Amino acid sequence: MNVTEDFADAGTLWELVEMRAAATPDALLLIDESGRTLTCQEFRDRAERVAAGFAALGVQAGSRVTWELPNRPETVIASFALARLGAVQNPILHFYRHKEVGYAIRATSAEFVLVPGTWNGFDFAGMVDELTADLDAKPVVIDVFADLPDADPAGLADAPAPTDGDEIRWIYFTSGTTSDPKGVRHTDRTLITGANGLAVALDMSGDDVGSIAFPFSHIAGPDYFGTMLIAGFPAVLFEAFVPATAIPVLAQNGVTMVGGGTAFYQMYLGEQRKDPATPIIPTLRKMSGGGAPMPPEIYEEIKREFGVKTCHGYGMTECPMICEGSPHDTDEQLANTVGKPVVGLEMRIVKDDGTVGGPDEDGEVRLKGPMVFQGYTDPAATAEAFDDDGWFRTGDLGHIRPDGHVVLTGRLKDVIIRKGENISAGEIENILYSHPKVGDIAVIGLADRERGERVCAVVERVADADPADDLTFDEMVAYLGEHQLARFKTPEQLEVVDALPRNETLRKILKFKLREEYAAKPWP
C-alpha cells in the first residue's frame, strides 16, 4: 500500500496541500497540455499568493463564491486559494449557461463569481452581468483567466487557514427527479475521505502519472486532486479533451492511468484501433472511471487491445466515492461489478419490504460514512434523502455479491446519466410540454455504448393533429435552445407517438414500457 494514513487524516484540503508540499516539494503535481508545470511547493506557494489577492478583494472565511471555469492550472489554483481562505465554493460546469448559472447565483446568494471572461467565443462575464442586473446586491465578478489576483502572502496574517474540516464549504448542484437542481453540501472532510477511498482502491504512488480530462468543476475534481495529494502523483490537465491531440501529450508525459468514464474508454479504443500494432500510450498501466455503466464487453476490449485492467467505479455528487474497482481484483470482478465499497464507507441493501438484503439480494443501495454529504440546501429534500436510521437513500438498485463486490441493476430516481452527468428528465419535459406540437411528453434514458445512456424524448402528438405536422428533431433542439437548456442535456433521439402508455388508475405514464420498446429499436 502506497497511501499513508497521515495524509488521509488531514483536517482540511489546505492542510493536505501543506503536507504534500512539505513531503515532496520538488515533485511534479500539475502538467497542462501546453507543457506548463507546477511542483507541489510551487502549487502551494502560488495558491497562497492568489488567496492573498482574493482577500484583498474582500474574500474571507465564509464568503460565498460561485465559479464557472474550464480546466486550466489557474482554475485549480483559484479553487485551492479559496480553500485556504475558508470560502464557501459553488463550482459550476463550464458548459452551463443562463438558466443554471442564474439559478446557482441566486440559490447561494453568491458574493463573488469567478469566470473565464470570454472563452471559446462565449462572454461569461457578460452573462453574469445580465443575470444579476436586477439584484440589489450584485456579486463581484472576477475574470480569473485575464487577471488572477496575486498579492504578498503577508497580507494573510489576519486570515489564518481554516482548521475545522467539518464546516460546509462546498455546494454542488445536481439534477434530481424534479426540474430544480438540488444543492449538495460538502465539507473538506467529506471530500478528503472520498479521495482517500479512491487512492486506496487504485493503489497509486509517486511513480504514477494521472490525467484530468473531465471538468475540474465536477465533484470528481477535488476528489481526484485529493487522491493526487494523498498518494503523491501528478496529473496532466486538459482544457478540452480531443483524443487525436491529447493522446500524444499523455504519451509524452508517461501517463500510467487514464479514464474518466465509458465515453472516454470508447475514445481511447477508437484511437488505438487506428494502428493496433503501436501502443498509443506505452506507459499505461490501468484505466479508471465511473459516472455511467460500463458494459462488460468494453472491459474485455480494453484488456485485449491495451493489455491493462479497467478499474470502474460508482459515485454520485452526494457521495463522490462509493465503490471502486482495484487493479488487484480479478478480470471477472472488474468486468461485471463496480468494485467494493471504498474504505470507510458502510453500505446496505434495503429490499422492498424494508428489510436488509443479504448477498445477491436486490434492493435500494443505502450509505453511511464520512464521505457522505451533509444534506441538501433544502431541509425538506434532506429529510427525504435519509431514512430513519440515518442512511442515505441513493435511489439506485443493486446487490452485494458474496465476494463483497457490488452490482448495480437500475435506479428508482428518474435521472438519466449521460457521459457521467446527471440529467433531470423532468426539466426537459417541463420545457417541451409547452411546445404547441406536444400533447404530452416523456423523457427517458436508453442504454448507449458510447454515452452510458442517451436521452430520448417521446412525444405524444396533440389530439387530432396531422402526423405530417409532427414535431421534428431540429424543431425540438431549437426550442430547447431558446429556453436556455444546456446543450449537453438536449435529447439525441426523438420519437412521436399517438399515445403514451399509461396505467389504468391515475393514468401515470409508464416509462418502463417506453424503455423496453425503444431499447429494442435500432438506433444509429
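General observations
- Test: residue in segment 225-236 that is farther than 23 Å from S34 by Cβ, open to solvent by 20 Å² or more (accessible area, probe 1.4 Å) and not aliphatic (A, V, I, L, M): no
- Meets criteria (within 29 Å of G481 (Cα to Cα), under 26 Å from the mean Cα position of the chain (by Cα) and free of Cβ contacts under 8 Å to residues at least 40 places away in the same chain) for G117: yes
- Test: residue in segment 76-97 that is in contact with a His (Cβ under 8 Å, 6 or more places away or on another chain), modelled with pLDDT under 95 and of a type in the set (K, R): no
- Residue match in segment 74-96 (condition: outside any helix (DSSP H, G or I), among the acidic types (D, E) and under 28 Å from E15 (Cα atoms)): no
- Conditions (1) touching a strand residue (DSSP E or B) at 6+ places or on another chain (Cβ under 6 Å); (2) surrounded by 13 or more Cβ atoms within 10 Å (Cβ to Cβ); (3) in a loop (DSSP other than H, G, I, E, B); (4) modelled with pLDDT of 95 or more: number failed by V365: (3)
- Pairs linking a residue in segment 22-35 that is within 13 Å of E239 (Cα to Cα) to a residue that is among the hydroxyl-bearing types (S, T, Y) and open to solvent by less than 40 Å² (accessible area, probe 1.4 Å), with Cβ atoms under 7 Å and 6 or more positions apart or on different chains, do not occur.
- Every test in (1) modelled with pLDDT of 95 or more; (2) touching a helix residue (DSSP H, G or I) at 6+ places or on another chain (Cβ under 7 Å) is passed by D164 save one, and that test is (2).
- Residue within segment 40-53 that is under 20 Å from the mean Cα position of the chain (by Cα) and either assigned to a loop (DSSP other than H, G, I, E, B) or more than 23 Å from A8 (Cβ to Cβ) (or both) present: no
- In segment 304-339, the residues that are among the acidic types (D, E) and either surrounded by fewer than 24 Cβ atoms within 10 Å (Cβ to Cβ) or on the phi > 0 side of the Ramachandran plot (or both): E305, D329, D331, E332
- Of the residues making up segment 383-392, none is touching a helix residue (DSSP H, G or I) at 6+ places or on another chain (Cβ under 7 Å) and open to solvent by 50 Å² or more (accessible area, probe 1.4 Å).
- Residues of segment 401-417 that are outside any loop (DSSP other than H, G, I, E, B) and either open to solvent by 40 Å² or more (accessible area, probe 1.4 Å) or in contact with a His (Cβ under 8 Å, 6 or more places away or on another chain) (or both): V406, V407, L408, T409, R411.
The values are calculated or read from the model by the stated rules, or taken from the named source; none is laboratory data. What you see is a predicted model, and the numbers here were worked out from it, not measured in a lab. Here Cβ is always computed from backbone atoms with ideal geometry, including for glycine, and neighbour counts include all displayed protein chains. Only protein heavy atoms, including side chains, enter the accessible area calculation; ligands, DNA and RNA are left aside. Shrake-Rupley method; radii C 1.70, N 1.55, O 1.52, S 1.80 Å.
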